[in-house]
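The values are calculated or read from the model by the stated rules, or taken from the named source; none is laboratory data. Nothing here was measured: the structure is a model prediction, and the numbers come from that model. Note that each Cβ is placed from the backbone with ideal geometry, even for glycine, and that neighbours are counted across all protein chains shown.
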Amino acid sequence: MKRLYRAANLIEATQLKSMLEGMNIDCFLRNENMIRVAGEVPFDQCWPEVWIREERDTTLALQVLDVFKHPLRNRGPAWSCPKCNEWLEGQFSACWNCGTEKAP
Ligand SMILES: [Zn+2]
């Protein structure tokens, strides 16, 4: 067993778990009920954790985690601003430098 991720809240933990299950990765949550006793235990021990049961699933699980944490990263290729030539990652729809919209 291996801890994959410590989530900020149960919603996040549940989302990641269902993504992992969608890839047929055997996983489970820990601390999902700890929120009830928040205040009685140290705060960072209350956070829900996502664990995977099989070590061999680690590589795939980390890929799922990466997509989960950066859902916009792979949205289109990088582009350069036609106005100021700033180089921008694919997830930006407008230039952060001058505000020019990406050409459709
Ligand atoms: Zn620009």
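Observations on the structure shown:
- Positions within the stretch 22-52 being surrounded by fewer than 12 Cβ atoms within 10 Å (Cβ to Cβ) and modelled with pLDDT of 70 or more, in sequence order: 22, 24, 33
- The selection criterion, being at pLDDT 90 or above and out of contact with any Gly (no Cβ under 6 Å at 6 or more places or on another chain), holds for residue 80.
- Residue match in the stretch 65-77 (condition: more than 16 Å from the ligand (Cβ to nearest atom) and in contact with a strand residue (DSSP E or B) (Cβ under 7 Å, 6 or more places away or on another chain)): yes
- Within the stretch 78-104, the set of residues being more than 8 Å from the ligand (Cβ to nearest atom) and either acidic (Asp, Glu) or in the same structural domain as residue 64 (by TED's automatic domain parsing) (or both) comprises 89, 101.
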